[in-house]
Structures are given as structure tokens and as C-alpha cells.
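Bear in mind these aren't lab numbers, they're just calculated from the coordinates by the rules spelled out. Nothing here was measured: the structure is a model prediction, and the numbers come from that model. Cβ placement follows ideal geometry from the backbone for every residue including glycine, while neighbour counts extend to all protein chains displayed.
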Amino acid sequence: MSRNEDAQSPESEPRRPRRGVFRALVVFIAVVLVALVSPVVLRHMSYFRVRRIEVTGTRYVQPNVLLAVLAIDSTKTIWENLGPLEERVRQHPQVRDAKLSRKLPGTLVLKVVENLPVALITTNGGLQPLDRGGHRLPIDPSRTHVDLPIVSRADTMVLRLLDGLRARDPALFARVNEVRWDEGRGLRVLLSGMTVRAYADCTPARFAEIIPVEQDLARRGQRVSELDLRFRDQIVARIE
């Protein structure tokens, strides 16, 4: 028999699967197994018990208050259903939104979007912070520094105006000391050194138009005592 007949041709050798394809298959199987097992088994494994809860995004609400709302004991694992826990935190009046995430092996991270106060209103018990919807927030101004304008009543149009001003121009919002109502549902907004008159439905963009007017009058050496926004497409200035 010839040497050529003894040797097998390359085509007759069995093909070996590529190493990359094999690894991908292993990873896929592992992912599927974890997805199937984790809701049932991992939830009961002591290795994944909650040892730590991190709270982020807070400004006025104390993290320990939110931890008390969560009320997660050490027998629970991070694989618990997080939806009901998130909803529990959202029920707190100072929380607008809440999201929980997991950090292996035993940490939950709570990220909150706080319902910030925009104004203070005078009550029988003293000054009370309000959110943009007119709800009273459980913040004690005597213990927590809250530098906000005072409003005479919890009108949502005014509160949304203030909230929009804070988002659009924080420096202008910081100048607002008080918002009063006058006859005919008009507003008197007391800024540092000046009064602005406007209708209750004034938008933050319209209110911010006072800035270039102030700057122009300052360049002329004129001091303004009042700016009136109640006229369409113009601002009437009263000079001292």
C-alpha cells in the first residue's frame, strides 16, 4: 500500500468546534440558569442577605427616615421583589420617585428624587414648607435651613411659577422674598430692592424678562422701584 493511501485526507478529519463558539454557548447557558434559579433559590441564600443599604439623592429628608420606611430586616436578601419596596418609599411626602438596585453580594442602593419645597406659608404653628403642588412637607424650618420665599396662600399657579423660576434661573429665584396677592388676582412679587407686578398665570420665561430691563436701566443710572408685567409684549418700569 502506498504512503498516500495510508494517510487520511484533511477532509476526513473530524471538525472541532471553535473555542469562541463554545465559550459563548457556556455563557448563554449560565445566564439562562441564573435567570431561572435566582428568583427561587437565590432569594433564600444567606450569602445574599441584605447587609447594607445606601441612600442617594436626599437633600432635606433624612436617610434614616427612608430606611425606616423600607423596614428591611437582616433575614431578607437582595433578590426580594423590589417593586413593592420602591412604592413604599414613594408614599413618603418628601419623595417624588424612588428606585432600588442591587450591588452584590449584600447591598441595596436606594436612589430617590426628592420632592423639594418651593415656598413657605404662615400657619398657626409657624412657617410651613410647601411643594409645587401645594402640599405641606414635614420639614421643620427651625431645625433645617430653608431659604425660600413666603406666600400668602397655597396657590398652585404661584408655586409652579416659583418652581419654574428655580429651575430656569436660580439666581433670580433666590432674590424672591415674598409673593402677595392684590385686587383682581394680581401678584406682587417682592424681590430684593424691587417689586414685580404680574398676573397669576405668569410663566417663568415671562418673569425672567425683567432681567434685561433691569440691566438696561442700571446702565442708564436709573433705579427702578417696580416692574409691571401685566401689559402684553412690554414691561412698564416705575423709576424712583
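Worth a mention:
- Of all the numbered requirements in (1) surrounded by 19 or more Cβ atoms within 10 Å (Cβ to Cβ); (2) assigned to a helix (DSSP H, G or I); (3) not hydrophobic (A, V, I, L, M, F, W, C), Arg160 misses one, and that requirement is (1).
- Residues satisfying the stated conditions in region 78-95, i.e. more than 18 Å from Pro63 (Cα to Cα) and in contact (Cβ under 8 Å) with a residue 40 or more places away in the chain: Trp79
- Region 164-201, subset in contact with a Leu (Cβ under 8 Å, 6 or more places away or on another chain), of a type outside the set (Lys, Arg) and closer than 23 Å to Arg136 by Cα, residue surrounded by the most Cβ atoms within 10 Å (Cβ to Cβ): Leu165
- Residue satisfying all of: in region 97-120; among the β-branched types (Val, Ile, Thr) and surrounded by fewer than 17 Cβ atoms within 10 Å (Cβ to Cβ); nearest to Pro204 (Cα to Cα) among these: Val113
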